[in-house]
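Notes follow once the structure below has been shown.
The values are calculated or read from the model by the stated rules, or taken from the named source; none is laboratory data. Model, not experiment: these values are computed from the prediction. FYI the Cβ positions are ideal-geometry reconstructions off the backbone, even for glycines, and counts take in every protein chain you see. Accessible surface is based on the protein model in full, side chains and every heavy atom, while ligands, DNA and RNA are left aside. Shrake-Rupley method; radii C 1.70, N 1.55, O 1.52, S 1.80 Å.
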Amino acid sequence: MDNQNNEVIIGLEVHIQLTNLKTKLFCSCSNDYRGTEANSHVCPICIGLPGSLPVVNKKAIEFATRLAIALNCKINHQFWFFRKQYFYVDLAKGFQISQYNKAGGKAFADGGQITIKLNSQKKDIILNRIHLEEDPARLVHKGSIATSPYTLVDYNRSGVCLIEIVTEPVLASPEEAREFLKQIKSIIQYSGISNLDLEGSVRVDANISIRGHERSEVKNINSFREVERALRHENIRQKNLLKRGKTLIQETRHWDDKRRITISLRTKEFEADYRYFPEQDLVPIEINDIFIQKVKDKLPEMPNERSRRFQRDYNLSEFDSDNLVLDKDIADFYEDGVNSDASFGPNEYKQYCNWLMNDIYRWLNEKNKIIKDTKLHPHQIVDLIRYVNEGNITTKIAKTLINDMMGGFSISEILEKKGKKRVSDDILLKNLSFEVIEENPKIIKDCCENPKAIEALIGRVMTKTKGQADPHITRNIIIDILKEKGIIN
Ligand SMILES: [Zn+2]
């Protein structure tokens with residue numbers, strides 16, 4: 001009963017910049033505003049000067065078509081753009097050119113789905129629609145939005161192409177939302193339409209409610225990682241209010257990622273407030289089956305197809321394959337590696353997968369890096385597997401080589417370096433042992449009668465090396481010297 005009362009309902013609106021486009025959605029300004037001087041990539045169209053006329057970027061239509069096919073959506077053959085009216089400093093025109101699926105309007109594509117896996121259960125997350133729209137300008141705050149004394153506006157982002165993916169309210173937990181976004185990120189990467197590792201390329205609005213109660217819309221969550229956090233917080237906040245006998249109200253809340261709380265922005269906002277109407281400055285967009293087929297024919301292999309192929313070609317389990325293909329760069333790296341050695345078979349395919357998904361992945365995570373940022377070459381892991389399988393090094397030793405491997409060093413280089421270090425360590429230990437023997441004639445005398453006195457000498461060497469010396473090696477060195485000197489037999 002209690003469980004049913006607390007049933008969570010989540011719907012997401014995921015806004016993604018198509019960062020792989022060269023120009024903005026309706027003008028020829030550069031789509032890449034990152035690291036540029038503020039307000040240097042603007043023209044009369046994207047700052048909405050009177051008399052300027054927008055023209056649709058054809059490549060943006062192609063990119064949206066790619067995504068619609070990858071997500072199994074039904075593409076609409078004809079649609080108009082709409083004006084979404086609102087007044088805010090990030091919108092010089094006073095309206096945003098978007099799409100609207102009411103009042104005779106249509107989205108870019110309807111429906112579609114993404115399959116997620118959580119605790120080895122599969123679930124289809126049904127999409128409502130995807131549509132294209134322009135990004136507003138970027139607002140720059142000093143510190144947090146709530147406490148900043150001023151706001152700066154950078155119109156370089158104004159008119160950058162966004163695609164919005166809207167789910168049905170079918171996600172049942174913050175964890176499901178996380179898994180859904182993981183899959184979205186992967187599909188976008190494989191479609192080649194955007195690089196979601198770029199800061200600011202993603203914004204998520206999340207509707208969240210407890211069944212039978214009003215919902216909140218948490219706005220502008222600026223990274224996929226923050227979504228789960230924000231949803232968790234909002235869910236707890238709603239539950240706590242209900243526990244205290246309060247009524248939940250429909251409201252828009254802001255996720256403050258510094259304080260990690262949601263803050264009420266406004267209550268009661270309805271679509272009618274935006275007074276949507278068709279954008280008369282643009283002709284209707286027509287998309288025919290020939291165009292869709294052309295895009296489909298050129299569509300790269302998607303993660304789910306690739307996972308099936310990995311299971312077939314490399315004899316990997318579904319679990320391993322799904323994990324391996326999630327990041328296209330990792331999957332490409334894997335294929336480069338295992339295909340570079342003709343003697344590799346199922347055993348080595350699995351070993352390679354394990355090195356990549358355990359040790360390498362952990363290293364990347366700890367350093368917050370992607371594989372492309374490192375000097376690691378696919379062939380280094382092939383070498384590592386060979387060294388282990390031929391019995392030249394143990395798996396335990398192999399694990400200690402990972403850090404040097406990430407810097408691009410070959411296994412033989414690393415082993416040589418480690419070997420030299422061992423030799424130089426031995427010389428140092430020998431010198432220190434001689435010193436200790438000379439400095440402690442009384443202990444040497446004791447050694448003649450009681451071999452246990454050697455422990456005291458080892459202890460002195462340990463003190464001199466601040467505990468760094470290997471006691472086992474030190475013992476052997478000292479015994480050798482004492483034997484040479486004829487002190488012990
Ligand atoms: Zn422009």
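Worth a mention:
- Flag for Tyr387 being hydroxyl-bearing (Ser, Thr, Tyr) and more than 30 Å from Ile188 (Cβ to Cβ): yes
- Count of residues meeting criterion [open to solvent by 40 Å² or more (accessible area, probe 1.4 Å) and within 16 Å of the ligand (Cβ to nearest atom)] in the range 143-185: 2
- Residue match in the range 61-71 (condition: part of a loop (DSSP other than H, G, I, E, B), more than 16 Å from the ligand (Cβ to nearest atom) and on the phi < 0 side of the Ramachandran plot): yes
- Pairs, first open to solvent by less than 90 Å² (accessible area, probe 1.4 Å) and in a helix (DSSP H, G or I) in the range 352-374, second at pLDDT 95 or above and acidic (Asp, Glu), C-beta under 6 Å, six or more apart: Cys353/Asp320; Ile371/Asp329
- Within the option set Leu91, Leu53, Leu21, being within 16 Å of the ligand (Cβ to nearest atom), within 30 Å of Asp322 (Cβ to Cβ) and either part of a loop (DSSP other than H, G, I, E, B) or open to solvent by less than 20 Å² (accessible area, probe 1.4 Å) (or both) holds for one residue only, Leu21.
- For the range 332-351, a residue qualifies if it is assigned to a helix (DSSP H, G or I), open to solvent by less than 60 Å² (accessible area, probe 1.4 Å) and farther than 18 Å from Lys372 by Cβ, and the qualifying residues are Val338, Glu348, Tyr349, Gln351.
- Here Val436 fulfils each of the conditions (1) under 29 Å from Val338 (Cβ atoms); (2) touching a residue at least 12 places away in the same chain (Cβ under 8 Å); (3) open to solvent by less than 90 Å² (accessible area, probe 1.4 Å) apart from (1).
- Test result for Leu384, open to solvent by less than 20 Å² (accessible area, probe 1.4 Å), touching a Phe, Trp or Tyr at 6+ places or on another chain (Cβ under 9 Å), farther than 19 Å from Ser317 by Cβ and not in a helix (DSSP H, G or I): no
- If you go through the range 26-42 and keep only what is part of a loop (DSSP other than H, G, I, E, B) and either more than 8 Å from the ligand (Cβ to nearest atom) or exposed (fewer than 15 other Cβ atoms within 10 Å of the Cβ) (or both), you end up with Ser28, Asn31, Asp32, Tyr33, Arg34, Gly35, Thr36, Glu37, Ala38, Asn39, Ser40.
- Meets criteria (at pLDDT 95 or above, surrounded by fewer than 19 Cβ atoms within 10 Å (Cβ to Cβ) and among the basic types (Lys, Arg)) for Lys102: no
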